[in-house]
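This report concerns only the one structure given below.
The values are calculated or read from the model by the stated rules, or taken from the named source; none is laboratory data. Source: prediction; values computed, not measured. Neighbour counts run over all protein chains shown; Cβ positions are idealised from the backbone, glycine included.
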Amino acid sequence: MTVVVYPAILDDRENGKKGYYTVTFPDVLGAISEGHSKGEAMINGAEALGGILCDTPQNELPEASNIEKIKKENPDVIVVEIASDLELAKKKSKITTVKKNTTIPSDLAFEAEQAGINFSQVLTEALKSKLEQIKGD
């Protein structure tokens, strides 16, 4: 596990709604997120941080600033440390395919092959549909 921790700025002054935060990282340009609460902003910030840094070699990761320094420079906002697991972020951002062997009736397989049906596509669509049904229950 490769976990990084960086100071983050949670700022709700310019969003038109108190408690709706923009999250930025002074040390990691491009890592920007938002959230409708501090907790949501921190979770979304961790995802943004991981998404930006997950392909960066460990020896090239930016150095984290001192959080107290960031707090002094930004007295009107919330400054917190946010952690992100870069290995987990990489897995989430890279959708890979896996091979699965399945058993189906031979007559069904023959008919589907004759119709030019893509078995992988059908199984993927069916699994997505089934998972949505389960989540909806």
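Residues in segment 93-114 that are without any contact (Cβ under 8 Å) to a residue 12 or more places away in the chain and part of a helix (DSSP H, G or I): how many?
Summing the residues that are without any contact (Cβ under 8 Å) to a residue 12 or more places away in the chain and part of a helix (DSSP H, G or I) in segment 93-114 gives 9.
The conditions are (1) in contact with a Leu (Cβ under 6 Å, 6 or more places away or on another chain); (2) part of a helix (DSSP H, G or I), and Ser84 fails exactly one of them. Which is it?
So the condition that Ser84 fails would be (2).
Among (1) in a loop (DSSP other than H, G, I, E, B); (2) at pLDDT below 90, which single condition is Lys90 missing?
(1)
Can you find even one residue in segment 70-78 that is in a helix (DSSP H, G or I), over 24 Å from the mean Cα position of the chain (by Cα), more than 30 Å from Phe25 (Cβ to Cβ) and not charged (D, E, K, R)? Reasoning before the result, please.
Applying the first criterion (in a helix (DSSP H, G or I)) to segment 70-78 yields 70-73.
With the extra rule that they be over 24 Å from the mean Cα position of the chain (by Cα), the set shrinks to 70-73.
Subsequent filtering for residues that are more than 30 Å from Phe25 (Cβ to Cβ) retains none.
No: zero hits.
Results for (1) touching a Gly at 6+ places or on another chain (Cβ under 9 Å); (2) under 23 Å from Arg13 (Cβ atoms); (3) in contact (Cβ under 8 Å) with a residue 60 or more places away in the chain; (4) among the polar types (S, T, N, Q), shown as yes or no for each residue.
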| site | (1), (2), (3), (4) |
| --- | --- |
| Ile32 | yes, yes, no, no |
| Asn44 | yes, yes, no, yes |
| Leu61 | no, no, no, no |
| Val80 | yes, yes, yes, no |
| Ser84 | yes, no, yes, yes |
| Gly116 | no, no, no, no |
| Ser120 | no, no, no, yes |
